[in-house]
Amino acid sequence: MEIILLLSAGILAGAINSLAGGGSFILFPALLLAGVPPVMANATNTFASLPGYISGAIGFWSDIKKHKAMLVPYISAALIGGFLGAELLLRVTDAQFSIVVPYLMALAVFLFAFGNKINVWISSSSSKTKNSSTFAYIILLILLTLICLYGGFFNAGLGIILLAFFALAGMKDIHSMNGLKLLLSAIVAFIAVIRFVWSDSIAWQEGLIAFVGTLIGGYIAAKFAHLIPAKILRSSIIIYGVVLVIVFFFQAYK
């Protein structure tokens, strides 16, 4: 039953990540149901999500290359932030993390539900002319590092926050924004996974089953994406996410 649960959750999470994002809302609770402790479940979820980020970044590589000048500082911020986030996760207990999870899930669901409107608002509010001052550049890199720290600590919702960051940085091309989002998500997950492996914080048996599932789900979704109405999918994920947040709050404070 555990294998069926995790493989099914992985397939569904991989498909959802390919179609709309939000696969962590499926996979993380499934790992908890399989008996994986909260901190280890979060680390394992990051591991299982990694292949989708990598394959997505490869698919957007032609758009990513248009911003070569940004890659070194952005990747450096992702490496530093991702590692610090993973380090922070490993320094909290399962009990402490269980209390924090409902708030992190609520934030992730909120960002998933309103991320597009937030991005539009940030884009319209940002300066029409690019501010290239050294101070503004440094502030943006610090902000990106903090965002990637969040991603290393808790993977869900990272993509939406990164899109908002790129809008704030003055980017307009959605394909380049999506490509950079996937690239930085892959780097954050990769460096975090290295740290998790180093501390033996990944449930390998459960994680590998979910890993295979995300690969299968992502491939199937790519083939049949046109058959699934995006609005219905997003609405279903939001409703499920809200229910999940209520359950996590109840479990944390019962």
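No lab work stands behind these numbers, since they all come straight from the coordinates. The structure displayed is predicted, hence computed values, not measured ones. Neighbour counts run over all protein chains shown; Cβ positions are idealised from the backbone, glycine included.
Would you mind getting me the FRET efficiency between Ser62 and Leu168? Use the beta-carbon distance for r and R0 = 22 Å, nearest 0.05.
My answer for the efficiency is 0.35.
Whole-Hz Karplus ³J(HN,Hα) for region 151-163, in order, using 6.51 cos²θ - 1.76 cosθ + 1.60 and θ = phi - 60°, x for Gly and Pro?
Per-residue couplings from phi come out as x, x, 7, 8, 6, 5, x, 4, x, 5, 5, 5, 4 Hz.
Which of Lys65/Lys223; Lys65/Lys181; Lys181/Lys231; Lys172/Lys223; Lys117/Lys172 have a Cα-Cα distance over 18 Å?
Violating the 18 Å Cα-Cα cut-off are Lys65/Lys223; Lys181/Lys231; Lys172/Lys223.
Have a look at Gly35, Ile147, Tyr240 and report the one farthest towards the positive end of the charge dipole of the chain, computed about the Cα centre with Cβ charges (Lys/Arg +1, Asp/Glu -1).
Ile147
Using 7 Å Cα-to-Cβ label points, what is the Ile220/Ser76 separation (nm, one decimal)?
Label-label distance for Ile220 and Ser76, simple model: 4.4 nm.
Sum -39500 (n - 2.57) across every DSSP H segment of at least 4 residues in the chain, then divide by the residue count to get the 222 nm mean residue ellipticity, nearest 500.
It lands at -28500 deg cm²/dmol.
Can you tell me what percent of all Cα-Cα pairs in region 43-91 are more than 17 Å apart?
In whole percent, the long-distance tail amounts to 52.
For Phe135 and Leu227, compute 0.36 nm times the residue count separating them, minus their Cα-Cα distance, and round to one decimal in nm.
28.4 nm is the gain from fully extending Phe135 to Leu227.
Estimate the FRET efficiency between Val243 and Met1 by the formula 1/(1 + (r/R0)^6), using the beta-carbon distance for r and 22 Å for R0, to the nearest 0.05.
Rounded to the nearest 0.05, the efficiency is 0.50.
Which of the listed residues, Leu162, Ser124, Phe112, is farthest toward the dipole's positive end in region 96-208, when Lys, Arg count +1 and Asp, Glu count -1 at the beta-carbon?
Ser124
Computed over the Cα atoms of the chain, what is the convex hull's projected area averaged over all directions, in nm²?
Orientation-averaged projected area of the Cα hull: 13.5 nm².
Which of the three applies to region 142-238, rounded, prolate or oblate, going by the alpha-carbon gyration tensor with a ≥ b ≥ c and a/c under 1.5 meaning rounded?
Taking the square roots of the gyration eigenvalues as a ≥ b ≥ c, region 142-238 is oblate.
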